[in-house]
Amino acid sequence: MALNCGIVGLPTVGKSTIFTALTAVKAETSNFSSSNKNPNLGIIAVPDPRLDKLTEMFKPKKKVPATVEFVDIAGLGSASSKKEGSNLILAAVRDAALLVHVVRCFDDPDIPHVSNRVSPADDIELLHLELALADLETIDKRHEKLTKELKDPARKKEAERELAAYAKIRPALQDGKSARSVALSDEESEAVKRSFLITMKRELYVCNADEAGMKGGSAHIEDVKRIAQAEGVDCVVICGKFEADLADLESEEEKREFLSELGLQESGLSVLIHAAYHLLGLRTFFTAGEDECRAWTIKAGDKAPAAAGVIHTDFEKGFIKAEVYRYDDLVALGSEREVKVAGKLRQEGREYVVQDGDVIFFKFNL
Ligand SMILES: Nc1nc2c(ncn2[C@@H]2O[C@H](COP(=O)(O)OP(=O)(O)OP(=O)(O)O)[C@@H](O)[C@H]2O)c(=O)[nH]1
Ligand SMILES: [Mg+2]
């Protein structure tokens, strides 16, 4: 299954606006909460200056960036989401590997707010409550099934373990807290994986700020940062509206000018994409040559044969070795030849754990 980032949040906080800017393709946005409960999927290129530099050096025919998937999910926590649509929304949330939680940090009397008041702390609490309720329902169903399994000697031990975990998780959920915040033994953690609880997923806050907030910060942004820090999660500040306008600009020159007006060097979306990519546990290695320079995605900790398998399953099956050097060494030394001369090209075998920023050439036989 692809590892995707689910964009979640209350209605009309700017989720689709941010998603649209990410894809630079129009998704449905409106002043009113979207009636479209079907999530939109976008495959987003991961901006990477290292790939740009490799392309400059190798002048390949083709340049292929790494990608990461974002899903634009309809708003939760409104009266409308209680209707039949909520199951569809929750199913999309359940499918996501990471929750990108958009919090409204802009004041705009023209855009309605579910509670008629912009308050990040209350909004976060409301969304968390909604997710906790969904998990409580999941646990209740699971509880019924496990109680039956207790009578089966072959299943008893496992069922007891899972039930013990839920006994710890339930009070937290009833309190609107996440299942993730509960201390579980390794065995219990393993057991609860079977129920795919939403609040076990990692979360990343996105403050959707106005331009004033982007420039000078705001009390709303500070509120989200404080909560993020207390929960030990990351927080990214972006201005959805600004990013949507930025994405519409054609030339890089115009984009840079537009960014510098807000005193920024990098688009907030780029920061968001990198934070999400990293939180998903994804890492990048490169292949570089005259035909193609390409960034490939692996999971942190993947060994060389698995990385070869990302390129082609045959590469993994027939893996012999990997010739590896560091991107930084290439840039410092100026060419692949100099990398070799300096003895920085390594021969690595099956047990080699591929590092972010490795440039690799695989040797294999078929
Ligand atoms: N002023 C201001 N308005 C924004 C910003 N971001 C989004 N909006 C507006 O807020 C309204 C709702 O934005 P959407 O992106 O559709 O919100 P959403 O979270 O996808 O809403 P649902 O899918 O209905 O839950 C639109 O009119 C946007 O133009 C922002 O940063 N500032
Ligand atoms: Mg939307």
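For A154, the conditions (1) surrounded by fewer than 18 Cβ atoms within 10 Å (Cβ to Cβ); (2) touching a Leu at 6+ places or on another chain (Cβ under 9 Å); (3) of a type in the set (G, A, S); (4) over 23 Å from S178 (Cβ atoms) are fulfilled apart from (2). Just to be sure, is R50 surrounded by fewer than 20 Cβ atoms within 10 Å (Cβ to Cβ), in contact with a Gly (Cβ under 9 Å, 6 or more places away or on another chain) and at pLDDT 95 or above? Here the answer is yes, as R50 does meet what is asked.
Against the test of being among the basic types (K, R) and assigned to a helix (DSSP H, G or I), the options K151, K141 yield a single qualifying residue, K141. Scanning region 199-220 for residues that are part of a strand (DSSP E or B) and not basic (K, R) returns E203, L204, Y205, V206, C207, N208, A209.
Listed here are the residues, each with its yes/no results for (1) modelled with pLDDT of 90 or more; (2) of a type outside the set (A, V, I, L, M, F, W, C); (3) more than 30 Å from G289 (Cα to Cα); (4) surrounded by fewer than 15 Cβ atoms within 10 Å (Cβ to Cβ).
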| residue | (1), (2), (3), (4) |
| --- | --- |
| T55 | yes, yes, no, no |
| F58 | yes, no, no, no |
| G85 | no, yes, yes, no |
| I89 | no, no, yes, no |
| A96 | yes, no, yes, no |
| R104 | yes, yes, yes, no |
| P109 | no, yes, yes, yes |
| V114 | no, no, yes, no |
| P120 | yes, yes, yes, no |
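Is it the case that K225 is in contact with a strand residue (DSSP E or B) (Cβ under 6 Å, 6 or more places away or on another chain), without any contact (Cβ under 8 Å) to a residue 24 or more places away in the chain and either surrounded by fewer than 17 Cβ atoms within 10 Å (Cβ to Cβ) or in a strand (DSSP E or B) (or both)?
Values: in contact with a strand residue (DSSP E or B) (Cβ under 6 Å, 6 or more places away or on another chain): yes; without any contact (Cβ under 8 Å) to a residue 24 or more places away in the chain: yes; either surrounded by fewer than 17 Cβ atoms within 10 Å (Cβ to Cβ) or in a strand (DSSP E or B) (or both): yes.
Answer is yes for this residue.
Within region 345-356, residues that are in the same structural domain as E323 (by TED's automatic domain parsing) reach partners that are part of a loop (DSSP other than H, G, I, E, B) and surrounded by 15 or more Cβ atoms within 10 Å (Cβ to Cβ) with beta carbons closer than 6 Å, at six or more positions or on different chains, in the pairs V354/D302. Within the set V236, V224, V271, the sole residue that is within 16 Å of ligand 1 (Cβ to nearest atom), in contact with a Leu (Cβ under 6 Å, 6 or more places away or on another chain) and at pLDDT 90 or above turns out to be V236. Within region 240-261, residues that are touching a residue at least 24 places away in the same chain (Cβ under 8 Å) reach partners that are among the acidic types (D, E) with beta carbons closer than 7 Å, at six or more positions or on different chains, in the pairs F242/E211.
Among the residues making up region 249-275, those that are surrounded by 13 or more Cβ atoms within 10 Å (Cβ to Cβ) and either touching an Asp or Glu at 6+ places or on another chain (Cβ under 7 Å) or within 25 Å of L98 (Cβ to Cβ) (or both) are L262, L264, S267, G268, L269, S270, V271, L272, I273, H274, A275.
The values are calculated or read from the model by the stated rules, or taken from the named source; none is laboratory data. What you see is a predicted model; the values in this text were computed from it and never measured. When we count neighbours, we look across all protein chains shown, and the Cβ atoms used for this are built from the backbone with ideal geometry, even at glycine.
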